[in-house]
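One structure below.
What follows draws every value from the coordinates through simple rules; no lab data is involved. Note that the coordinates shown come from a computational prediction; the quantities given were computed from them, not determined experimentally. When we count neighbours, we look across all protein chains shown, and the Cβ atoms used for this are built from the backbone with ideal geometry, even at glycine.
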Amino acid sequence: MRSLADEVLKGSRRALAQLLTVVENGSPGADEAIAALFPYTGNAWMIGITGAPGTGKSSLVNSLAKAYREQVKTVAIIAVDPTSPFSGGAILGDRIRMRDLSGDKGVFIRSMATRGNLGGLSRATRDAMRVLDAAGFNIILVETVGAGQSEVDIVRAAQTTIVVEAPGMGDDVQAIKAGILEIADILVVNKADRPGADNTVRGLRTMLELGHPAAKTHMLSHHGQLVRVEIANNQHENAFWMPPVIRTVATSEDRVVSGVDALIAAIVDHRRYIDENGLNNGLERQRIEIELYERLQSALMTRLQADVRASVLTDMIERIQARQIDPQHAVHLILETQKV
């Protein structure tokens with residue numbers, strides 16, 4: 001797989017597609033290839049686009065990609081599709097809707113299946129993002145599956161998170177309860193030409209003003225979390241990022257009406273905010289820490305499942321069902337037996 005990684009670094013699209021398949025399937029050699037590419041990562045800006053079904057996320061991604069291409073920036077798109085319950089493969093609906101980008105050599109589109117992951121991102125998505133980063137793309141757009149309230153995982157991968165709403169969806173309060181607004185760096189009201197758009201914008205702004213944690217503290221806030229960092233510039237000591245609410249009509253050919261230019265300007269502002277306040281290192285460290293713990297947990301679980309005999313687990317399950325032992329005590333016994 002090292003040779004495949006080398007070809008990716010040389011700009012081979014065929015090798016890129018092959019390696020992404022290897023990574024998504026967890027095939028032998030995937031880890032080796034990721035390790036070879038890792039030193040070349042850290043240059044792309046990762047943008048996550050999430051939100052409820054029917055808000056027009058795919059159309060918005062399509063419009064964003066076109067606008068970035070006009071700026072002569074290369075764009076990679078990862079569309080995380082629902083997994084087919086029959087084949088385990090992605091349905092590829094988003095890729096079909098982005099058909100008009102297919103002839104542009106500066107755009108690479110990849111659909112990935114959720115494979116049952118409830119956070120809205122497939123388990124291989126972060127590795128795929130790293131491959132695309134190493135391949136030299138300037139912008140990486142990640143559209144998560146339209147599962148609404150379960151999509152907070154995007155924060156752990158993206159540097160700018162865009163939450164898309166639409167008039168008449170009736171999920172504003174639900175979004176607050178689920179923490180969706182708290183993960184937003186930018187809020188987009190798409191389909192803003194529809195009735196009720198003004199109310200949606202007004203409601204979101206009110207919710208942000210009342211509930212955004214940064215409005216009540218002098219600490220910096222990002223993704224709804226208070227980030228302890230050294231401020232690079234004293235004049236930003238009391239600064240905080242309040243997510244802007246941007247109106248868009250992603251399907252409009254009129255650049256002013258579409259709102260895409262305003263959205264890109266907001267992304268630029270957010271990136272500048274992160275840079276000027278010295279947040280980059282702290283946020284990256286948080287993402288790395290979370291990912292490291294997740295991978296460690298997964299590896300330990302895999303090793304434990306391989307080491308513990310099925311008969312031991314069966315016995316514990318039967319004892320728990322018979323109320324002879326509680327689940328937590330059973331876990332301790334298994335770990336003591338395996339000396340973990």
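Sort 242-254, 27-39 for me by packing, meaning the mean count of neighbouring Cβ atoms within 10 Å per residue, highest on top.
Sorting 242-254, 27-39 by mean packing, highest first, produces 242-254, 27-39.
Along Cα→Cβ, 7 Å out, is where each label goes; now give me the distance between the ones at R323 and T337 in nm to one decimal.
The two pseudo-label positions are separated by 2.4 nm.
When the Cα atoms of the range 295-338 are enclosed in a convex hull and the volume is divided per residue, what value in Å³ results? Don't jump to the answer; show the numbers that get you there.
Values: hull volume 3.0 nm³, N = 44.
Roughly 69 Å³ of hull volume per residue.
Please give the FRET efficiency for L9 paired with Q71, using the beta carbon to beta carbon distance and R0 = 22 Å, rounded to the nearest 0.05.
Details: r = 24 Å, r/R0 = 1.09.
Here the calculated transfer efficiency is 0.40.
Among 275-283, 183-191, how do they line up from the highest to the lowest mean number of other beta-carbon atoms within 10 Å?
The peptides rank, most packed first, as 183-191, 275-283.
Lys and Arg at +1, Asp and Glu at -1: add these up for the other residues within a Cβ distance under 12 Å of V249 and post the number. Numbers along the way, then the final one.
Values: positive: K191, R194, R247, R255; negative: D193, E253, D254.
Taking every Cβ under 12 Å from that of V249, the sum is +1.
Within 15 Å, Cβ to Cβ, of P28, how many net charges do the neighbouring residues add up to if Lys/Arg are +1 and Asp/Glu are -1? Kindly include the intermediate steps, with their values, before the conclusion.
Working: positive: R2; negative: E24, D31, E32, D127.
Net of charged neighbours comes to -3.
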